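Computed from the coordinates by the stated procedures, all read-outs in this text should not be read as laboratory data. Worth saying up front: this structure is predicted, and the values here are computed from it rather than measured. We place every Cβ from the backbone using ideal geometry, glycine too, and count neighbours over all the protein chains shown.
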Amino acid sequence: MMRRAVALLIAGVSVAGAQKRSACATPNPSAAWVLVQRTTLSEEDGAWKNDSLRRVLLTAAKVKGPNVPFQLGWELQTPVDTTPDATVDYLKGLAATRGSTWPTRSLVGLAGVRAVFVLAHRDTTLARAALHRMMESGLDEAIKPDVAVLEDRVRLMSGRKQLYGTQLVSIDGRLAPAAIEDSAHVDLRREGANLPPLAWSVCNANSR
């Protein structure tokens, strides 16, 4: 049943795009989502308060600044890395401590916030806590497309359907979205999260 549902979804949103790999191998610089992300992911002002914490986060997540790469709107569903990680443990402690200062844009910059997003993939508890804190901090303090991707990941971990279709699985050698809630309106939600259309993201994933 699951395979049939995913196959139908592929037919509905991704096959046409996947057949034109050259059109989705790289983002179109004039696409609306590219223009929005280019503006919102720029760190030219350098206005963050805690440079030492920022450096720790960037090093642990292997993220480079100053500008944050585009969020392409897809990632593979992979097992959680259970290797002990001091920075992950530190973030979990922050999330669990009332009154603690969570790493936001004004504190560690956008690259620091992207690093938290990357580190959240290493621990299910941190993923849930980070999602809550990112939503709580407000859109100006988080990276909107990253929040959408992390929300999809957490929903699937909890046995729920994803909202944005960002989590891909391999079906018969092709990448396709895992189950999506209200798939008819997925691109409207993706547009609101500054993500590319689903068909483009699936095509981009399969062109790699």
So if I place +1 on the C-beta of Lys and Arg and -1 on the C-beta of Asp and Glu, and nothing else carries charge, what would the dipole magnitude of the range 102-204 be about its Cα centre? I want it in debye, nearest 20.
220 debye
Have a look at VAL88, VAL56, VAL169 and tell me which one the Gaussian network model of the chain (Cα, springs below 10 Å) gives the largest fluctuation.
VAL56
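Would you check the chain for Lys pairs whose C-alpha atoms are within less than 20 Å, ignoring same-chain pairs closer than 8 in sequence, and give me the count? Mind dumping the intermediate values first?
Values: LYS49/LYS64; LYS62/LYS92; LYS64/LYS144; LYS144/LYS161.
Qualifying lysine pairs in the chain: 4.
Please say if the chain is rounded, prolate or oblate, where rounded means a/c under 1.5 for a ≥ b ≥ c the square roots of the C-alpha gyration tensor eigenvalues, and otherwise the choice is prolate for a/b larger than b/c and oblate otherwise? Before the final figure, lay out the partial values.
On the way: a/c = 2.05, a/b = 1.49, b/c = 1.38.
Prolate shape, in that a/c is at least 1.5 and a/b is the bigger ratio.
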How would the range 62-156 be classified by its alpha-carbon gyration tensor: rounded, prolate or oblate, with rounded meaning a/c under 1.5 and the a/b versus b/c comparison settling the rest?
rounded
From the phi angles alone, apply the Karplus equation (6.51, -1.76, 1.60; θ = phi - 60°) to the range 174-188 and give each ³J(HN,Hα) in whole Hz, x where the residue is Gly or Pro.
10, 8, 8, x, 5, 3, 10, 6, 6, 5, 5, 10, 4, 6, 5
Along the dipole axis of the chain (charges at Cβ: +1 for Lys and Arg, -1 for Asp and Glu; origin at the Cα centre), the most positive-end residue among ALA142, THR87, SER100 is THR87
Measuring from the longest principal axis of the C-alpha atoms of the chain, the long axis of helix 51-61 (C-alpha) lies at a number of degrees, nearest 10, equal to 40 degrees
Quick one: net charge of VAL113's neighbours, Cβ under 12 Å, K/R +1, D/E -1?
+1
Between helix 105-120 and the chain: long-axis angle, C-alpha atoms, 0 to 90°, nearest 10:
50 degrees
Using the Cα centre as the reference, give the magnitude of the dipole from point charges on the C-beta atoms of the chain (Lys, Arg: +1; Asp, Glu: -1; all else neutral), rounded to the nearest 20 debye.
380 debye
Report, in degrees rounded to the nearest 10, the 0 to 90 angle that the Cα long axis of helix 2-13 makes with the longest principal axis of the chain.
90 degrees
Angstrom value of the Kirkwood radius, inverse mean 1/r, which spans all Cα pairs in the range 164-208
10.8 Å
Leading residue at positive end of dipole, the chain (Cβ point charges), from LEU175, LEU72, HIS185:
LEU175
